[in-house]
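*Asks:* Below is the structure I would like to discuss, written out as structure tokens.
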Amino acid sequence: MTYSYNPNSETWWREGVFYQIYPRSFADSNGDGNGDLGGILAHLDHLNDGTPQSLGVDAIWLSPIYPSPFDDMGYDVSDYCDIHPMFGSLQDFDNLLRAAHQRNLRLLMDLVFNHTSYLHPWFQKSRSSRQNPKRDWYIWKDPSPRGKVPNNWQSVFGGSAWEWDEATQQYYYHMFLPQQPDLNWRNPAVREALYDVMRFWLERGVDGFRLDVVNAYFKDALFRDNPPRFGLRGYDRQKHLYDKDQPELLEVYAEMRQLLDSYPERMCVGEVMDGHPELNARYCGEGKLHLIFDFNFTRQPWHPAAFQNAVLRAEANLPPGGWPCYTLSNHDISRHLSRYGGRYPHERAKVAAAMLLTLRGTPFLYQGEEIGMRDGKIPYAMIQDPPGKRYYPFYKGRDPVRTPIPWDDSAGGGFTSGKPWLPLNSDYRQVNVAAQRDDPNSVFSFYRKLIWLRKDCPALRRGSFEPLIRRPSDGLAYLRRSEGQTILVALNFFALPATLRLDFDLPAQKWRTILGTHREADEEVALERTIQLSPHEVWLAEAI
């Protein structure tokens, strides 16, 4: 079959489906219990082998694989231009990239440019004396006149964001852990060094980048105190007016976009801390970042009105050249089936997938959601995540969303022949890839069918989004329209039959089923102003 999706167009990033890989938990090829590049290579055919037997995604984003002391699980980089030996080597990376491209899979690297590890040679040089050339590569300040920290800024992980350096008698700034000193983006030499990192990976052939905490690069030049607000923990007790979202960001985004545009078919997606559509609109679009994750979408309760309002808010705030970007889970956010699944994880996994993959915008999947994984349960003695160790039991950290993918029901879940770095989920003998691959009713089979259908439906990839119910209560109904194709999407969010009453006329009376959980393909249905849905039904139909 020939699909209308073109993986080699300049707009591939608007139309493709992205898949986030957390490498340490994806697949282990050498039995040390840690996922690695060899494991990813061995399972590329799961992601896309060119046939509808595979998941069919179009791009993969790798969470950090650089050398790191792992104080923050790799988001503390000690060398931007190499691979951590636990994951492999640069040669292993080149082999993976080549194999991915042979399968028309794009590959994104994760760039952590707000800060480095304290073991990075840049910081080691910077802290060696006040006079060295790299002193100004990081943010150093004298104590306040009262002999205390320079201002009231708080670390995301708790406590002051300022760490005293006894040797040079100054404080350095760290938005996250003390082991993650922030870079000084006001220094042109720092900017050029980081752009050289981008060039290093672009020359190697990567297709783009995910940019970590991209709105935190600049801090207020005057280092003013953040004003207070009500919150439960230190970081949340401040309005973050001065430690992120500074106006100088736009100049950097323009430079990054220009650099990316100098290479064909490259892109980037930004993670905006505390992001919302109005803020995201400042940072994406023409001459800025290609995409920004809409985390407002992940904060919604399981209700159709909440999701529709989130989508309409995102659409209303899109700047010129902007494009929506949705995800339901990632390596920092509780898996959506743990938030939404309740007593119906199998059914709601399909409803959530159908919504994510049929909205206007670029969808990002998180590894394991295609088989309906939920958060794991991690005993305190096995916690790896620093904030989890610090705040347990009030906050159990991010380990529960990072448990290994079970590929089968064997002792190591097919993930490893050794002891996994985090325990497998307790239900892995039932919820695994092998158990679902040949089951036509499985969550995996549903994702697979929907992703491959999307490849052949221009309306789903780039068409307009037109909601059909002003205030939905039981489910969603909307149209996706492009030239020559109109698709109706109807979703029942709940475990009772639903009658969706439409507030707008449909453009056709007859519809042909193209995908459904309760209807056969090619079944024809006549509609006027109501749609009858079974419990948790997903129905996609094309206007005849």
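The values are calculated or read from the model by the stated rules, or taken from the named source; none is laboratory data. None of these values were measured; they are calculated from a predicted model. When we count neighbours, we look across all protein chains shown, and the Cβ atoms used for this are built from the backbone with ideal geometry, even at glycine.
For (1) surrounded by fewer than 18 Cβ atoms within 10 Å (Cβ to Cβ); (2) not in a loop (DSSP other than H, G, I, E, B), each residue gets a yes or a no:
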{"position": "225", "(1), (2)": "yes, no"}
{"position": "232", "(1), (2)": "yes, no"}
{"position": "243", "(1), (2)": "no, no"}
{"position": "246", "(1), (2)": "no, no"}
{"position": "253", "(1), (2)": "no, yes"}
{"position": "259", "(1), (2)": "yes, yes"}
{"position": "263", "(1), (2)": "yes, no"}
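*Asks:* Related question: Is it the case that some residue within segment 216-239 is in contact with a Cys (Cβ under 9 Å, 6 or more places away or on another chain), in contact (Cβ under 8 Å) with a residue 12 or more places away in the chain and not charged (D, E, K, R)?
*Replies:* Among the residues of segment 216-239, not one is in contact with a Cys (Cβ under 9 Å, 6 or more places away or on another chain), in contact (Cβ under 8 Å) with a residue 12 or more places away in the chain and not charged (D, E, K, R), which makes the answer no.
*Asks:* Could you grab me the full set of residues in segment 112-138 that are among the charged types (D, E, K, R), more than 18 Å from residue 197 (Cβ to Cβ) and surrounded by fewer than 18 Cβ atoms within 10 Å (Cβ to Cβ)?
*Replies:* Step one: of segment 112-138, the residues among the charged types (D, E, K, R) are 125, 127, 130, 134-136.
Filter once more, so that each one left must be more than 18 Å from residue 197 (Cβ to Cβ): 127, 130, 135-136.
Selection gives 130, 136.
*Asks:* Separate question: Only residues that are of a type outside the set (A, V, I, L, M, F, W, C), within 23 Å of the chain's Cα centre (by Cα) and either at negative phi or not assigned by TED's automatic domain parsing to the domain that holds residue 212 (or both): list them for segment 99-110, please.
*Replies:* 101, 103, 106, 110
*Asks:* Inside segment 466-507, can you point out the residues that are surrounded by 15 or more Cβ atoms within 10 Å (Cβ to Cβ) and part of a loop (DSSP other than H, G, I, E, B)?
*Replies:* 468, 469, 472, 474, 493, 494, 502, 506, listed by residue number.
*Asks:* While we're on this one: Is there a residue being under 22 Å from residue 74 (Cβ atoms) and assigned by TED's automatic domain parsing to the domain that holds residue 90 anywhere in segment 218-233?
*Replies:* Scanning segment 218-233, I find no residue that is under 22 Å from residue 74 (Cβ atoms) and assigned by TED's automatic domain parsing to the domain that holds residue 90, so the answer is no.
*Asks:* To continue, here is another question. Any chance segment 442-450 includes a residue that's in a helix (DSSP H, G or I), over 14 Å from residue 515 (Cα atoms), touching a helix residue (DSSP H, G or I) at 6+ places or on another chain (Cβ under 6 Å) and aromatic (Phe, Trp, Tyr)?
*Replies:* yes
Results for (1) under 20 Å from residue 78 (Cα atoms); (2) part of a loop (DSSP other than H, G, I, E, B); (3) of a type in the set (Phe, Trp, Tyr), shown as yes or no for each residue.
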| site | (1), (2), (3) |
| --- | --- |
| 175 | yes, yes, no |
| 180 | yes, yes, no |
| 186 | no, yes, no |
| 190 | yes, no, no |
| 200 | yes, no, yes |
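*Asks:* Can you run down the residue pairs with Cβ atoms below 6 Å, 6 or more apart or on separate chains, where the first is in segment 279-305 and without any contact (Cβ under 8 Å) to a residue 12 or more places away in the chain and of a type outside the set (Phe, Trp, Tyr) and the partner is surrounded by 18 or more Cβ atoms within 10 Å (Cβ to Cβ) and part of a helix (DSSP H, G or I)?
*Replies:* From segment 279-305, the pairs are 300/307; 300/310.
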